[in-house]
Amino acid sequence: MELLPLLVLVFIVFAVFRAREQARRIALLGSVLGQYRIEQLMENLTEGYLRWVGENDPDRRTQIWGTLQDTEQALASQFGRFAADFAKVPAPLAQFGKLPFAIPWAQQLLPRDRLIDARRLFELHARAIQTLAANTDGLAQKDKAFTMTAELYLMQHSCHWFCRSRPVASARLLARHHTSYEQVLAAVTPSTRRAYEALVR
């Protein structure tokens with residue numbers, strides 16, 4: 001019976017320190033993201049794709065697509081600058097665990113191969129968004145819109161994973177976009193998927 005109070009105390013201490021570390025990460029990410037309009041541009045872009053798909057008038061579709069291309073370029077530019085700014089964050093503050101649950105002091109407790117560097121992760125997403133915005137692979141418009149949406153959802157998942165945990169990030173993705181983590185990962189470009197899995201697996 002004496003073991004139960006001790007376990008409860010350990011759990012409480014663990015939860016308190018985990019909450020403090022998550023709050024620190026949220027504040028850190030917010031302090032860098034707050035300089036940009038990334039979330040607004042992402043929302044404008046994904047909603048714009050839906051309007052474009054649902055528009056039957058060819059002239060109107062062309063007009064909407066032109067606006068979407070401008071939004072893509074703005075988002076690619078802003079996320080690229082965000083990734084460059086976040087790259088200045090010291091490693092101990094940018095690293096988090098690959099475990100399926102969040103633990104405090106992951107950078108101190110886990111071996112290096114069990115840590116993810118958020119700086120590298122955000123650089124990966126910046127390159128993916130910039131490449132798709134430029135459409136260097138010559139994707140058809142519908143394929144480009146679908147793939148860009150997946151890339152943006154995966155980027156958002158990475159932000160939530162850094163701040164909370166992978167299960168929380170996946171749950172938010174499913175609740176907000178009705179899409180699973182596995183579906184998003186399957187829909188990004190092969191180059192993004194390979195680079196991403198090399199960082200997080």
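So here's what we get for this one:
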| quantity | calculated |
| --- | --- |
| Residue under evaluation SER180, criteria (1) closer than 19 Å to GLY48 by Cα; (2) in contact with a Ser or Thr (Cβ under 8 Å, 6 or more places away or on another chain); (3) surrounded by fewer than 20 Cβ atoms within 10 Å (Cβ to Cβ), criterion not met | (1) |
| Any hit, region 8-22, residues being within 17 Å of the chain's Cα centre (by Cα) and open to solvent by less than 80 Å² (accessible area, probe 1.4 Å) | yes |
| Qualifying residue in region 186-197 (condition: open to solvent by less than 10 Å² (accessible area, probe 1.4 Å) and more than 28 Å from ASP70 (Cβ to Cβ)) | no |
| Residues located in region 136-152, provided they are crowded, with 20+ Cβ neighbours inside 10 Å and either free of Cβ contacts under 8 Å to residues at least 24 places away in the same chain or among the basic types (Lys, Arg) (or both) | LYS144 |
| Selection status of SER77, within 20 Å of ARG127 (Cα to Cα) and out of contact with any Ser or Thr (no Cβ under 9 Å at 6 or more places or on another chain) | yes |
| Check on ALA84, under 16 Å from the mean Cα position of the chain (by Cα), farther than 18 Å from HIS157 by Cα and free of Cβ contacts under 8 Å to residues at least 60 places away in the same chain | yes |
| Residue in region 98-113 that is among the small types (Gly, Ala, Ser) and under 30 Å from ALA19 (Cβ atoms) present | yes |
| Any hit, region 168-175, residues being touching a helix residue (DSSP H, G or I) at 6+ places or on another chain (Cβ under 9 Å), more than 15 Å from LYS98 (Cα to Cα), touching a residue at least 12 places away in the same chain (Cβ under 8 Å) and in a helix (DSSP H, G or I) | yes |
| Region 116-131, subset touching a strand residue (DSSP E or B) at 6+ places or on another chain (Cβ under 9 Å) and either assigned to a strand (DSSP E or B) or of a type in the set (S, T, N, Q) (or both), residue nearest to LEU185 (Cα to Cα) | ILE116 |
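Matching residues to (1) modelled with pLDDT of 95 or more; (2) in a helix (DSSP H, G or I); (3) closer than 22 Å to LEU93 by Cβ:
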residue: ALA133; (1), (2), (3): yes, yes, no
residue: ASP143; (1), (2), (3): yes, yes, no
residue: MET148; (1), (2), (3): yes, yes, no
residue: TRP161; (1), (2), (3): yes, yes, yes
residue: THR179; (1), (2), (3): yes, no, no
residue: LEU185; (1), (2), (3): yes, yes, no
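The values are calculated or read from the model by the stated rules, or taken from the named source; none is laboratory data. What you see is a predicted model; the values in this text were computed from it and never measured. Ideal geometry is used to build each Cβ from the backbone, glycine not excepted, and the neighbour counts take in all protein chains shown. The accessibility values were calculated without ligands, DNA or RNA, using every heavy atom of the protein model including side chains. Shrake-Rupley method; radii C 1.70, N 1.55, O 1.52, S 1.80 Å.
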